Amino acid sequence: MTELNRDEELRCIGCGAVIQTEDKDALGYTPASALNKGLETGELYCQRCFRLRHYNEIAPVSLTDDDFLRLLSHIREANALIVYVVDIFDFNGSIIPGLHRFVGKNPVLLVGNKEDLLPRSLRRSKLTDWLRQQANQAGIRPLMTTLVSAKKNHQVEELLATIEKYRQGRDVYVVGVTNVGKSTLINQIIKQRTGVEDLITTSRFPGTTLDKIEIPLDDGHELVDTPGIIHQEQMAHVLPAEDLRLVAPQKEIKPKTYQLDEQQTIFLGGIARFDYLKGPRAGLTAYFDNNLPLHRTKLANADAFYEKHLGGLLVPPHQNEIDQFPPLERFEFAITEKSDLVFEGLGWITVPAGLVVAGWAPKGVGVLVRRAMI
């Protein structure tokens, strides 16, 4: 990399925050010694990103939701192609409410990331169609919908060709909520174009990119990674870092099918719960991280079972985290067509028509019903 210029505004190449050496608790802090080394090597990271990259430590940030939205407000005034990245495994948690308020009349390319997490038996053409229809229901009208796996580098080259086709000499803004894999995707793009690996800080923690990061394109325009909008209903916001590995899939999920009678319960670790309230014996399929332990019991015993086993048999949360864990809230649904009961940021259970069910999730985490994906 080329040496950085001290006279320019210095930004962390991992998260985009302005570098400063005065306040250890503020964004962009880096020790003076690290600043000097970064200026020499051209690889300048704030201390937060350095710790995240090398030690997987996450430090809290002081940016508010309004700060993030303010950083995105200039997109409306730009003449650009908007690449809107969603997490296929957490599509509903990926929705940006009022997306068109931020992007104005700029065209939107919808990119479903993490397609490698879904069963290979699911036809990708069917998944693309499902994704487009769900986006339409949310008021989003993309000019095209495509699938990628940024982590596995699947279809990234094809995405680049699509971006070139539709950007027509404009800048490109990559937008999405936290944790959908925007920065991982842009790292793949940078790697393919320059050979530089893992330039931008990535993690499973919310809010890793703190300010926009601009990557030059060949024609003088830029590809801009914007900060992820914080979606407070995601499960990642209520779990400690060590528990995220049990809810954030890193490889293809293996669905689990249960034959249930009414008045039965399935606990999703200790962080969520599914109740089958009323209906005939039915097969229900659960789509969650392979590491998340699922336990079936009778509905009549469920409350006592939860109280007795939370932090032990039912983890996460672990025993030392119970005091800080939010109480579970209940949402009841009458299912009229084959549907997914979704626990935002955790996964879903596919339920046939004609059943009455309930989903429980930590207070503040969304539970909803949608048209079945699979």
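Remarks
- Looking only at residues in region 148-177 that are in a loop (DSSP other than H, G, I, E, B) and crowded, with 24+ Cβ neighbours inside 10 Å, the one that is farthest from the chain's Cα centre (by Cα) is 148.
- Meets criteria (more than 20 Å from residue 238 (Cα to Cα) and touching a Phe, Trp or Tyr at 6+ places or on another chain (Cβ under 9 Å)) for residue 330: no
- Hits in region 27-39 - residues which are at pLDDT 80 or above and out of contact with any helix residue (DSSP H, G or I) (no Cβ under 9 Å at 6 or more places or on another chain): 32, 35, 36, 39
- Positions within region 236-270 being assigned to a loop (DSSP other than H, G, I, E, B), charged (D, E, K, R) and out of contact with any helix residue (DSSP H, G or I) (no Cβ under 9 Å at 6 or more places or on another chain), in sequence order: 254, 261
- Residue match in region 319-337 (condition: in the same structural domain as residue 253 (by TED's automatic domain parsing), aromatic (Phe, Trp, Tyr) and under 19 Å from the mean Cα position of the chain (by Cα)): no
- Pick from region 64-101, criterion modelled with pLDDT of 80 or more and of a type in the set (Phe, Trp, Tyr), ranking: nearest to residue 137 (Cα to Cα): 91
- Taken over region 284-310, the criterion of being among the basic types (Lys, Arg) and more than 30 Å from the chain's Cα centre (by Cα) is satisfied by 298, 308.
- Lone unmet requirement of (1) modelled with pLDDT under 85; (2) of a type in the set (A, V, I, L, M); (3) farther than 20 Å from residue 44 by Cβ for residue 190: (3)
- Residues of region 339-354 classified as crowded, with 22+ Cβ neighbours inside 10 Å and touching a residue at least 60 places away in the same chain (Cβ under 8 Å), total: 10
- Here is the figure for region 41-62: residues that are farther than 24 Å from residue 242 by Cβ and either at pLDDT 80 or above or under 26 Å from the mean Cα position of the chain (by Cα) (or both) total 1.
The values are calculated or read from the model by the stated rules, or taken from the named source; none is laboratory data. Just so it is clear, the model here is predicted, and its values are computed rather than measured. Cβ coordinates were reconstructed from backbone atoms using ideal geometry, including for glycine residues, and neighbour counts include every protein chain displayed.
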